[in-house]
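Structure first, then comments.
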């Protein structure tokens, strides 16, 4: 709680328009609010409306602020987040996001904001905040390994990533042993969601170069080497804020019929016997790859829960596996499902949010990179850390066979050769699930903000 001797800050939060970014920004907002600071959470109307409906328990010190969504040609009027779009339309969302600069600048200039905590996409924001006396903090929702892979701001701005092949090897500035890099098919897929005028790499470079300091959703107990390297390659302070591990939310009521049906089904299964399958809100596979994935899940012979969102499952699959699995269509209460004692592993697209949620429960991972953002780097990193096993795929086109999916699932879940993976993942529960440890990182970060505002008189209202 806030002490009487310190001044309450006004902190603006401005995440990129994606669920995987909005969620950790909101979790950080809740902590800072409980620490005695006023938070203005800024986004577009549809995202703010979603938050207001989904999180009615937010404290009054968090103010949800809508910024009018700019019109951009080729962007559907109903689309305000990446989950509303196919990957090829995301560049238009980035153009609309950039057009939020005047509205955000007006808010910062007239609201007595001390710090703005922002995302990678708003490459223009540090330059807008500085003349207003507002501190600029870049919040990296990707982990330290992925951030270190990107490299120095000068390299990002100058365009070292012009060729896809440049990203398929570990860069020269990584001094420790690492296998964390992209496969060619992942680079080519991610290029489809980048704005041609301002690449994602350029956005990262300008944001890192212009901000006052960087905060990373990570901890030294899991990523000591990259966290030590980042201040050197960025030439500015880099502060780990812990994993910002989400609590199990009451995302559905106990009387929700769909949840009741799944819980009843899970209650009949042995402890740690069920595989949970979820590829996030934005991964879309071709019908051919969906057929292979479904074939592999079925051939594993293990009970499973498969959350299917954007890709239709093969015809007849659900009926054929009715005794083996539970197919959940649409959005699902992931943290509650992962917390059930019957869940024993997670086939994941390797998003950092999902990884944190799984390892906080000690669950081993079947690593199936979604192919965009940092998910490919994450797949190699998590395989290297022995908390999961990556499904073998063709490095050029990303294809795979159902048999290797089945083999990978069984290795992680039941086979003897997967015992070290299961043991390592279980041990990670002591780090990822340690609320006291993770809160210490957040406390240190809050202290840095408070000391910074005290020392820098231009930030005093």
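Diffusion coefficient of segment 257-432 by Stokes-Einstein, Kirkwood radius over Cα pairs, 25 °C, 0.890 mPa s: 154 µm²/s. When the Cα convex hull of segment 123-194 is projected onto planes of every orientation, the mean area is 6.1 nm².
The per residue volume of the convex hull around the alpha-carbon atoms of segment 1-80 is 85 Å³. Packing-based ranking of 312-325, 423-436 yields 423-436, 312-325, ordered from highest to lowest mean Cβ neighbour count within 10 Å. Computed from Cα positions, the angle between helix 402-413 and the longest principal axis of the chain comes to roughly 80 degrees. Helix-only arithmetic for the chain: the sum of -39500 (n - 2.57) across DSSP H runs with n ≥ 4, divided by the residue total, places the mean residue ellipticity at 222 nm at -12500 deg cm²/dmol.
Remark on segment 180-282: ratio of C-alpha radius of gyration to 2.2 N^0.38 Å is 1.60. Summary of packing: across the peptides 61-74, 198-211, the per-residue average of other C-beta atoms within 10 Å ranks them, highest first, as 198-211, 61-74. Relative to the longest principal axis of the Cα atoms of the chain, the long axis of helix 200-210 makes an angle of roughly 40 degrees. Between the Cα long axis of helix 419-432 and the first principal axis of the chain there is an angle of about 30°, rounded to the nearest 10.
All of the numbers you see were taken from the coordinates with simple rules; none came from a lab. Fair warning: this is a prediction, and the values are worked out from it, not measured in the lab. In this analysis, Cβ positions are derived from the backbone assuming ideal geometry, glycine residues included, and neighbour counts consider all displayed protein chains.
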